[in-house]
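Worksheet: one structure, shown below.
Just so it is clear, none of the values below were taken in a lab; they were calculated from the coordinates. This structure is a prediction, so every number in the text was calculated from the model and none was measured. Note that each Cβ is placed from the backbone with ideal geometry, even for glycine, and that neighbours are counted across all protein chains shown.
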Amino acid sequence: MFRFIPRFILPIVAGAVTVVPGALAAGRPASVGIPNTPFAEQAKSIVSRDDHLAVIVLTNANHANPGRISQYIAGTYLPALMPKMPKAIEDKEPKVTELLRDISAQIREAKLKPELFKPQLWAILSLALKDLQEQSRGDGDLQKLELLARTQEKDERTYRYRMILTNHTYLVTLTIEKDGKVSGLWAEEE
């Protein structure tokens, strides 16, 4: 619980909440943590003292992105704080985009091919295939894939896509190793 004092926020959880100093002005993100608890890495805030706005988001899910959530909430009240949407870039490797399109369809049909993936990733995906299939059916049909970024580090290429489906939009990160196998696949709601 928080008590608002003019131009400042005072946490009153018996000192359990700490605000990292030095990042609290002009709407810049500031970290908030509850030491020695599962929430320590799953909390973010945005505080704009001049505008009398504070947004603090605590999550209990490792995959959640409280920083992004707090930015969108703050942006609802102060449009200048709304995060910018990443813009699509030219897709110079359409075969990689087609691979992601195929993986998406294979997940939906529960026919994901293990030979596309590194063994370590396949071990994880194969356990979650039924859940992934159920989720993908609720997401609707794939409407569009937009390449947002491409980076290369040693023998790995990493691609960031916006995957637009009928009912959801995801930011998908796909990592491919030198041998052409997928070694990383991550999706988060945009």
How far, in nm, would the chain grow between residue 188 and residue 97 when pulled straight, counting 0.36 nm per residue and subtracting the alpha carbon separation?
31.0 nm
Determine which lysines satisfy two conditions relative to residue 118: a Cα distance under 21 Å, and not lying fewer than 8 residues away in the same chain.
95, 130, 154, 178, 181
If Lys and Arg each add +1 and Asp and Glu each add -1, what is the summed charge of the other residues whose beta carbon sits under 11 Å from the beta carbon of residue 163?
-1
Measure out, as a whole number of angstrom, how far apart the alpha-carbon centroids of the stretch 71-121 and the stretch 165-190 sit.
5
Within the stretch 140-189, report the GluC sites (Glu not before Pro) that DSSP leaves as loop and that have at most 10 other Cβ atoms within 10 Å.
none
Need one number: nm distance between label points at residue 142 and residue 89, each 7 Å from Cα along Cα→Cβ, rounded to one decimal.
2.1
Computed lengthening from residue 68 to residue 168, 0.36 nm per intervening residue step minus Cα-Cα distance:
34.4 nm
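Work out the FRET efficiency for residue 134 and residue 178 from their Cβ-Cβ distance, taking R0 = 25 Å, and round it to the nearest 0.05.
On the way: r = 33 Å, r/R0 = 1.34.
The calculated FRET efficiency here is 0.15.
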